[in-house]
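Take a look at the structure below.
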Amino acid sequence: KRNFAPLVGMDADSISDADLMTMMTTVEAKGGGKGKSITGSDRYEKLETIRKTEAADTEDFLGCIEKAFEDSPDMLQEPGYIVDLGSGCGYIAAQYQLEFPEAIVIASDVEYRAEGPEQEQHPSMALLKKTLARFLEDHQWKLKKEDSKAVPEKKTNKKRRKDDNPWTEDELVTAYEKMVANCCEIDVLAPCPWEAVKQLQGKCTLVISTMLLHQKAFETPEMWRNVMLGASLLLRPGGKLVIKDGNVKTSAEGGLDDEAGVRVFAAAVGLTICSHSKVEDHFGCLYEVTCEKPASLPAPDENPKPLAVGDLVMVEGLVGAKEHNGCTGILRSSDADTGRWAVEVATGVTAKRRMKHLKIKPENLHQMMPAGIVT
């Protein structure tokens, strides 16, 4: 409803369920296109439609970032790196680049294993690359048009958040050039450090994850832990991880709603929870979580608990199956004869998840969170 509201000139709360169903099948709206749905690929067909449908979430997520850095706002205006996980079409990530021009913003998503147009109906690298390139071409064309006139036009489609001065086409072109050059595939369930950004370990000011669980929690409800683990390796001291998300498609325990468990796991990967709050959103019940990478880490526990069924672990030190090193998983059972543990591992690599069951020696398992806290 919130996506359709700006297209049909209505308030989201005034759109009935019946109206919504009609709109989803035969939209006759500003920027929507007669007889077309803006779900799936049609939603990303027109750049102006993207600008309108992404505007509200852009403001929301930028507000979350500003709140996270309210005690250190200058960090966002310094050279550094910002990694956006699950960027979708990339429009919101591009607004981060405009707001924080000294940083390099890295938009990311996963490859969606599909053929033809289906790839571009889902948030994926294909959609991300295509849409960023289209926005760049659009602003390059507008800049060229301005340069050809004696008196350049100053109007753009986007105003700055802090004042009424619009972004110049020069600024927009520069931002989208950066976005196109730096976007990459990051599958948060893949082994850590994430391959495409491993060179950025300890260099990132901000890692932001918004609505990733909303999209994928029905398959992998524990993936918030993978987000925290990967972010902990990327962040520099004082850097922040900002999550706005929720396990809204699953009733599995151990989600972001479990504040105690979230705090324990964050500490296990070297992060400090700055804030954890429940919010009611148009998406439903969500959680805003902000973590910080402290300048110094506490000493590790000298008396770790023995491995047990249900523990969250990270795989490390494998020689024959190195591709699983850095993956996280849950201990399911122990084989007394071989001494190995059956581990349910999220190996990533595709947008359609499949969990692998591996038999691993205990010396190749690093306990991230004991079972009593996981569940």
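The values are calculated or read from the model by the stated rules, or taken from the named source; none is laboratory data. Since this is a predicted model, take the numbers as computed values, not measurements. In this analysis, Cβ positions are derived from the backbone assuming ideal geometry, glycine residues included, and neighbour counts consider all displayed protein chains. Protein only, heavy atoms only, side chains kept; ligands, DNA and RNA dropped before computing areas. Shrake-Rupley method; radii C 1.70, N 1.55, O 1.52, S 1.80 Å.
Given ALA175, ALA103, ALA126, which one is at pLDDT below 95, under 23 Å from the mean Cα position of the chain (by Cα), among the small types (Gly, Ala, Ser) and crowded, with 16+ Cβ neighbours inside 10 Å?
ALA126
Only one of VAL269, VAL207, VAL248 is of a type in the set (Val, Ile, Thr), modelled with pLDDT of 95 or more and on the phi < 0 side of the Ramachandran plot; which?
Residue meeting the stated conditions: VAL207.
Can we say GLU185 is modelled with pLDDT under 95, on the phi < 0 side of the Ramachandran plot and open to solvent by 40 Å² or more (accessible area, probe 1.4 Å)?
For GLU185, the condition - modelled with pLDDT under 95, on the phi < 0 side of the Ramachandran plot and open to solvent by 40 Å² or more (accessible area, probe 1.4 Å) - is met.
I need every pair where a residue in the stretch 290-307 that is within 30 Å of LYS278 (Cα to Cα) and at pLDDT 85 or above has its Cβ under 6 Å from the Cβ of a residue that is outside any loop (DSSP other than H, G, I, E, B) and β-branched (Val, Ile, Thr), sequence separation at least 6 or different chains.
If the second residue must be outside any loop (DSSP other than H, G, I, E, B) and β-branched (Val, Ile, Thr), the pairs left are THR290/VAL242; CYS291/ILE273; GLU292/THR272; PRO294/THR272.
When you look at VAL313, is it at pLDDT 90 or above and open to solvent by less than 30 Å² (accessible area, probe 1.4 Å), yes or no?
no
Is there any pair linking a residue in the stretch 28-57 that is of a type in the set (Asp, Glu) to one that is open to solvent by less than 30 Å² (accessible area, probe 1.4 Å) and at pLDDT 90 or above, with Cβ under 7 Å and at least six apart or on different chains, and which?
Note: pairs meeting the criteria are GLU54/TYR91; GLU54/ILE92; ASP57/ILE92.
I'm trying to understand the selection: among the residues of the stretch 2-25, which are open to solvent by less than 50 Å² (accessible area, probe 1.4 Å), in a loop (DSSP other than H, G, I, E, B) and modelled with pLDDT under 75?
Residues satisfying the conditions are ASN3, PHE4.
Where residues in the stretch 210-239 are in a strand (DSSP E or B) and under 18 Å from VAL105 (Cβ atoms), which of them is modelled with the lowest pLDDT?
Of everything passing the filter in the stretch 210-239, THR210 is modelled with the lowest pLDDT.
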